[in-house]
Amino acid sequence: MEKLVIVGPTQLKGEVTISGAKNAAIAILPAALLINGSCQINNLPNIVDVKLTCEILEGLGAKITWITNNSIKIDCSNINKTTAPLDLTRKFRASYYLIGAMLGRKKEIIVGLPGGCNLGARPIDQHIKGFEALGATVDVSQGNVCAKVDKLLGTHIYLDVVSVGATINIMLASVLADGTTIIDNAAKEPHIVDVANFLNTMGADIRGAGTDVIKINGVKELITNKSYSVVPDQIEAGTFMLAAVASQGDITLKNCIPEHLDCITAKILEIGGNVQSTGDSLRVWMNQRPQKATIKTLPYPGFPTDLQPQIGVVLSLANGTSIINESIWDSRFQYTNELNKMGAKITAQGQSAIFEGVNKLYGAPVYSTDLRAGAALIIAGITAYGSTEIYNLCYIDRGYENIEDKFSKLGANIKRVIEE
Ligand code: UD1
């Protein structure tokens, strides 16, 4: 079993380069199924979820050639299966994107019901509502989703909840549909814009991505032999920004898009930190104990739920009592039990948690309960006195490229160790 061992405290200092966005990459890769030919995708994060997505696409007949560690050529001219490798698709959430992409490409698909991080109930009713509105039939039985369509016909779809996954999935299914599809009450996250930019580069006609109304004019086919670079990861960038604040350090992020981080910047300024942006880099530094704050997670451009555990570490160490209200996921406070083992004083109940700020955290053995909780525990370990051992690394490896190398280069004493 692998674990991360961190000896702290360390004030993080230096430069870190942000990788391509996980949540964009794992949607753009299935989107390539819509191309009857090849394309090149650059700036892919080298993480387990990307490798898993590639393996699933290969199972459907795609040919993938790795050009570098972060760049592939993918040839989808011979997609010869309509049942995805079920055991693999059950392993992670974003395999639901195969439904939208394969409805567009082959008019049918069977996938294992998506798994992923345990954040509470993760329904896909809005995805299904969209596919059905476009003319598909969708059956869910024996742990599989089976979707079929004779002809996808553009239509007007109003999402009942703002859903990142449903917005992207319906966009995928609409690209090659007959006529125009309008997605109303769409999510606006940067990776939605990135998937639309990828598809438009490949010849799709998508307008309005990044607003709450997206219009997709169906096209007959996409263009081959184009290349595209995945957008920098907003959540990885936010993770390092909050690590700088929690450790009272000074970090410069390279290859990020500062506007995507405005809501995090605003919170950091509110609690006494400093942020300075220049082009595609962002310097974050903190010279004092953070002040208390109130946070409510919301869809973009609100404070992202995927940075809630990381700011939870900052608020654990803040001067005063803070409150976080989690409005997206039911079970996103599991990490607070782990932080309490390190000396934090957090009471979580339902969708809210109260953080009574403490002066110091202390190293302890802790378990990563999901991907972003894992990132939060790394930040906690770096700020804590003594040695922290983090178990369940499978979650962290799903979504962060070279995370221990990146933190080491910022001065953290962090090592991956194999325990018998
Ligand atoms: C994506 C991200 C995840 C992030 C989340 C919110 C990926 C692979 N994952 O997840 O990291 O935490 O956005 O920013 O991109 N909902 C429904 N019905 C549906 C779909 C969603 O009720 O059909 C609800 C969910 O239960 C949740 C909310 O809508 O309460 C938001 O979910 P959604 O935006 O779809 O999250 P994901 O796309 O799964």
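The values are calculated or read from the model by the stated rules, or taken from the named source; none is laboratory data. Just so you know, these numbers come straight off a predicted model, no measurement behind them. FYI the Cβ positions are ideal-geometry reconstructions off the backbone, even for glycines, and counts take in every protein chain you see. The protein model used for the area step is the full one, side chains on, heavy atoms only, and it has no ligands, DNA or RNA in it. Shrake-Rupley method; radii C 1.70, N 1.55, O 1.52, S 1.80 Å.
Brief remarks follow.
- Filter result (among the charged types (D, E, K, R) and crowded, with 19+ Cβ neighbours inside 10 Å) within region 24-74: Asp49
- The condition (being polar (S, T, N, Q), touching a residue at least 12 places away in the same chain (Cβ under 8 Å) and at positive phi) is satisfied by just one residue among Asn392, Asn359, Asn319, Asn325: Asn392.
- Some residue of region 275-284 being within 14 Å of the ligand (Cβ to nearest atom) and not in a loop (DSSP other than H, G, I, E, B): no
- Residue in region 294-303 that is buried (at least 17 other Cβ atoms within 10 Å of the Cβ), over 20 Å from the mean Cα position of the chain (by Cα) and within 15 Å of the ligand (Cβ to nearest atom) present: no
- Of the strands (runs of 3 or more DSSP E) lying entirely inside region 346-419, those carrying at least 2 residues that are open to solvent by less than 30 Å² (accessible area, probe 1.4 Å) and under 25 Å from Thr305 (Cβ atoms) are 352-356, 386-391.
- Residue match in region 8-23 (condition: crowded, with 24+ Cβ neighbours inside 10 Å, in contact with a His (Cβ under 9 Å, 6 or more places away or on another chain) and part of a loop (DSSP other than H, G, I, E, B)): yes
- Within region 388-414, the only residue that satisfies the criterion of being more than 20 Å from Gly312 (Cα to Cα) and either among the hydroxyl-bearing types (Ser, Thr, Tyr) or not assigned by TED's automatic domain parsing to the domain that holds Ala318 (or both) is Ser408.
- First in region 129-143 and under 20 Å from Ser163 (Cβ atoms) and assigned by TED's automatic domain parsing to the domain that holds Gly165, second anywhere and of a type in the set (S, T, N, Q) and part of a strand (DSSP E or B), Cβ under 9 Å, 6 or more apart: Gly130/Thr181; Phe131/Thr137; Ala133/Thr181; Leu134/Thr181
- For first residues located in region 291-305 and touching a residue at least 60 places away in the same chain (Cβ under 8 Å), partners that are open to solvent by 50 Å² or more (accessible area, probe 1.4 Å) and away from the ligand (no atom under 15 Å from the Cβ) and lie 6+ apart or on another chain with Cβ distances below 6 Å form the pairs Lys292/Thr321.
- When residues of region 171-198 are limited to those that are of a type outside the set (Ser, Thr, Tyr) and touching a His at 6+ places or on another chain (Cβ under 8 Å), the one nearest to the ligand (Cβ to nearest atom): Pro190
- When the residues of region 120-132 are filtered to those that are in a helix (DSSP H, G or I) and in contact with a helix residue (DSSP H, G or I) (Cβ under 9 Å, 6 or more places away or on another chain), the one that is modelled with the lowest pLDDT is Asp125.
- In region 304-337, the residue that is nearest to Lys360 (Cα to Cα) out of those that are open to solvent by less than 20 Å² (accessible area, probe 1.4 Å) and away from the ligand (no atom under 16 Å from the Cβ) is Leu317.
- When Asp280, Asp262, Asp194, Asp205 are screened for being within 22 Å of the chain's Cα centre (by Cα) and assigned by TED's automatic domain parsing to the domain that holds Lys106, only Asp194 passes.
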